[in-house]
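Student: Handing you a structure now.
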Amino acid sequence: MTLIVGVVAVFVLYMLLQMVRTANPAVLARAIKVAGGIVTLAAALFTGVKGQLAVAIPLGLFGAGLLGWAPMGNAGFGRLGGVFGSAGRRSPGQTSQVRSSALEMTLDHESGAINGRILTGAHAGRSLDAFDLSELAAMMAGFDAESCALLESYLDRRFPAWRQNAQGDAAGRRGSQPSGSKMTTEEAYEILGLKPGAGPDDIGRAHRALMKKLHPDQGGSTYLAARVNAAKDTLLRTHRS
């Protein structure tokens with residue numbers, strides 16, 4: 001019986017590791033936050049039942065913050081949820097947009113999720129979520145370099161292992177280098193999710209927040225991280241001039 005239990009435990013652990021390895025980073029982060037909130041609330045309930053209210057109340061507020069309930073608003077322990085993305089300087093629903101000739105990508109600041117929309121061709125106006133991996137990979141043949149780079153960034157988030165599994169990956173990579181076209185001020189504001197006239201401090205905060213979501217070391221996109229850096233430089237040059 002012990003051997004059977006051990007084999008089952010190893011199998012379950014292996015399957016969990018496989019799910020973590022291939023999971024969408026944004027979805028995985030959200031799941032960890034929710035699980036942490038539930039565990040923390042359970043611990044608060046347990047300590048509260050034992051009469052340890054001095055421990056139970058802070059734990060309960062922290063767990064509620066992780067789940068996004070923020071029982072004390074933006075004050076006190078409610079701010080602790082901000083460490084995991086449930087609160088912070090950015091307003092709910094704030095997004096950044098990056099466009100190429102064929103695609104428009106939108107990044108949700110809170111979750112880090114990337115959504116795409118096709119701008120040209122027979123599928124104009126349709127979401128990339130409506131297509132499977134093979135259909136999206138086939139689209140690259142008709143895209144310019146910048147659009148290919150955007151599409152690869154989307155695939156990296158939705159299908160983390162697509163580069164290892166997709167056939168003809170080298171063909172898909174020929175569009176990985178974006179064009180050297182000059183970024184406009186309006187485009188830079190859209191990429192950072194800022195309104196025109198934002199100051200250097202706002203630019204710096206938006207840049208740091210986005211890089212936490214997009215930096216390649218965090219499982220993000222090299223291309224999108226480069227666009228965020230370019231947007232920051234463009235706006236800071238505008239302020240200096």
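Student: Would you tell me the accessible area of Asp132, worked out with a 1.4 angstrom probe on the heavy atoms of the protein chains, in Å² to the nearest 10?
Tutor: Probe radius 1.4 Å; accessible area of Asp132 about 70 Å².
Student: Whenever you get a sec, line up Arg237, Arg227 from highest to lowest accessible area (probe 1.4 Å, protein heavy atoms). It would help to have the intermediate numbers written out before the result.
Tutor: Numbers: Arg237 120, Arg227 25 Å².
Heavy-atom accessible area, descending, gives Arg237, Arg227.
Student: Using a 1.4 angstrom probe on the protein heavy atoms only, could you order Thr184, Thr2 from most to least accessible area?
Tutor: Working: Thr184 70, Thr2 120 Å².
Final ranking, largest accessible area leading: Thr2, Thr184.
The values are calculated or read from the model by the stated rules, or taken from the named source; none is laboratory data. Here the structure is a predicted model, which is why all the values come from computation and not from measurement. Accessible surface areas use protein heavy atoms only, side chains included; no ligands, DNA or RNA. Shrake-Rupley method; radii C 1.70, N 1.55, O 1.52, S 1.80 Å.
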